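Nothing in this text is a laboratory measurement; each read-out follows from the coordinates by a stated rule. Predicted model only: the values in this text are computed from it and were never measured. So basically every Cβ, Gly included, is an ideal-geometry build from the backbone, and we count neighbours across all protein chains shown.
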Amino acid sequence: MQKSSVILAALCVSVFVVGTSEYLVAGLLPQVAEDLDVSVGAAGQTVTAYGLGVVVGGPLLTLLTVRTPRKGLALSLMLLFAVGSAVSAFAGSYEVLLAGRVLSSLSHAAFFALSLVVASQVVPEDKVGRATAAVVSGLTVATLLGVPLGALLGERTNWRTPFVVLTVLTLLGVALLAAVLPRRHAESAGARAEIRIMAQRPVLLAIATTAVGFAGVATVFTYIAPLLTEVTGFPAFVVSILLLAYGGGSFLGNIIAGRLTDRAPAATLRGVFAALALLLACTPFAVTWRPTAVLAVLLLGLLATATIAPLQGLILRHARQAPTLAVSVNVGAFQLATAMGSAVGGGVVAADALRWTGLAGAVLSALGLLVSCYALPLRPKAEPEVAGTPAEASPATAA
C-alpha cells in the first residue's frame with residue numbers, strides 16, 4: 001500500500017471518530033435528561049452547543065494555530081477532542097457536559113480542515129477530489145454506523161459508555177496519526193494571509209455556495225421521518241431501514257463525486273446541485289406513493305454527500321495559497337446550512353405543509369447552483385498571485 005493511502009486511511013479513521021461525536025448525544029437525550037435532572041429540550045442544547053463550537057470556535061482555533069507544525073497540530077487537536085469526550089463521559093452536571101461538548105467541538109472544524117488540507121498535499125493534483133472523498137467518507141460512515149451503534153450501546157448500558165469508548169478510540173487515533181503522519185512545515189504565512197485569502201470574492205462565493213446549496217438537503221432530511229410516516233404511510237421500522245439505505249447511498253455518492261471532481265469540478269458541482277434541485281422539487285409528489293418514495297430517499301442519500309467533495313475542492317482551489325482557514329470556515333458553513341435548512345423546513349411544517357418541504361429545499365439548492373456559477377466558471381481565468389502568501393514566506397519550524 002502506498003504511503004499516501006496509509007495517511008488517507010489514518011485521517012479517515014480519525015475523522016470517523018470525530019464525526020461520531022457530533023450527533024451521538026442526539027440518540028441519548030432521554031437518558032441524559034433523566035440522569036442530569038434536566039428537560040429533554042435542555043439536553044438537546046448540547047447538540048446546539050457543539051454546532052456553535054464548530055461554526056465559531058473552529059475558525060478561531062485555526063487562526064491561532066496557522067503557524068503550528070501540521071503533525072503536532074493534528075495530534076494536539078485529537079488530544080483536545082479526547083479531553084472533551086472524557087469530560088462529557090464523567091460529567092456530574094449539565095454544565096460540565098456542556099463544557100465537554102464545547103471542548104470537543106473546538107477541535108472538530110480545525111481537525112477536519114487540517115485533514116482535508118493534508119490529504120490534498122499527499123496526493124498528485126489530479127487525485128485531490130478522491131483524497132477529499134476518502135477523508136469525508138469517515139463522516140459518512142460515522143453517520144451510517146458510528147452514531148446508531150453509539151446510541152444502541154448507550155441504551156443497553158448508559159449514556160456515558162459511548163463517550164468512554166469514544167475517548168479510547170480517539171487516543172488510538174492519536175497513536176495511529178503519530179505513526180503515519182509525516183513531519184510537515186506549517187506552510188501558512190500567518191493569520192493575516194489566511195484572512196486575506198478567505199476574504200477574496202471567489203472564496204466567499206464558494207463558502208456561500210455551501211451555506212445556501214446544502215441547506216436544501218437539510219430542509220427535507222431534518223423532517224424525513226415524519227414525512228415518510230405521515231405522508232407516505234410507512235411504519236417506523238421501515239423508516240429506520242430507509243435511513244440506513246440513505247446512509248449507504250451517501251457513502252457511495254461521496255466516493256463517486258470525488259472521482260468526478262478530479263475530472264470535471266465545475267460540471268460535477270453544477271450537475272449535483274441541478275440534480276438535487278430537480279429531485280427535491282419532485283419529492284412532494286414522490287412521497288405519495290411508496291415505491292417512488294423509496295427511490296427519492298435513495299437518490300437524496302446519493303446526492304446529499306456528493307456536494308461535499310466538489311465544494312471542498314472549490315475552496316482548496318481558490319484558497320490554495322493559504323487554505324486552512326477557508327476550509328475550516330467552509331466546514332462551519334455546512335453546519336450553518338443544516339441550521340438554516342432545518343429552520344426553513346420547520347417553518348414549512350409549522351404552516352401544516354409537511355409534504356411540501358421539498359419545494360423549499362429545491363429553491364435553496366437552485367440558489368446554490370446559481371451561486372456556484374459565479375464561484376466556479378466553466379472556463380476559469382488565470383489566478384493572480386497574492387502578496388504575503390506561503391510562496392513568499394519562510395517555512396515554520398518543523399514538527
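List of remarks:
- Length gained when the stretch Ala26-Lys3 is fully extended (0.36 nm per residue, less Cα-Cα span): 4.6 nm
- Neighbour count of at most 13 Cβ within 10 Å plus DSSP loop: longest trypsin sites (Lys or Arg not before Pro)-free window in the chain: 184-380
- Share of alpha-carbon pairs per 10 Å distance bin for segment 1-116, given as whole %: 14, 43, 28, 12, 3, 0
- Taking every DSSP helix (H) stretch of at least 4 residues in the chain, weighting each as -39,500 (n - 2.57) and dividing the sum by the residue count yields a mean residue ellipticity at 222 nm of -24500 deg cm²/dmol.
- Sequence-distant contacts, meaning Cα pairs under 8 Å at least 6 residues apart, place the relative contact order of the chain at 26 percent.
- Inter-part distance, segment 35-62 to segment 103-170, computed on C-alpha centroids, equals 17 Å.
- Cβ charges +1 (Lys, Arg) and -1 (Asp, Glu), total dipole of the chain, debye: 1080 debye
- FRET efficiency, 1/(1 + (r/R0)^6) with R0 22 Å, evaluated for Ala353 and Arg290 via beta carbons: 0.55
- Projection of the Cα convex hull of segment 322-370, averaged over all directions and equal to a quarter of that hull's surface, yields 3.8 nm².
- Projected onto their three principal axes, the Cα atoms of the chain cover extents of 62, 53, 38 Å, largest first.
- Most fluctuating residue given options Gly57, Gly92, Gly154, as computed from a GNM of the chain linking Cα atoms under 10 Å: Gly92
- Kirkwood analysis of segment 51-117, using all unique Cα-Cα pairs, places the hydrodynamic radius at 11.9 Å.
- Only helices reaching 18 angstrom along their own axis (Cα) with mean Kyte-Doolittle hydropathy no lower than 0.0 count here, and for the DSSP H runs of the chain these are 3-24, 40-52, 70-89, 94-121, 128-141, 160-180, 236-263, 265-286, 290-304, 324-350, 357-375.
- A simple spin-label model places the labels of Leu145 and Ala275 2.4 nm from each other, with each point 7 Å out along Cα-to-Cβ.
- Potential lengthening between Ala264 and Tyr374 on full extension [0.36 nm per residue; Cα-Cα distance subtracted]: 38.0 nm
- FRET efficiency, 1/(1 + (r/R0)^6) with R0 45 Å, evaluated for Val56 and Val168 via beta carbons: 0.95
- For segment 194-375, fraction of C-alpha pairs farther apart than 20 Å, in %: 51 percent
- Inter-probe distance in nm under a simple model that places probes 7 Å from Cα toward Cβ, at Ser342 and Ala99: 2.5 nm
- In this entry, segment 139-255 is assigned a mean projected area of 11.5 nm², taken as a quarter of its C-alpha convex hull surface.
- Pair Thr48, Ala191: separation of 7 Å Cα→Cβ label points (nm): 2.9 nm
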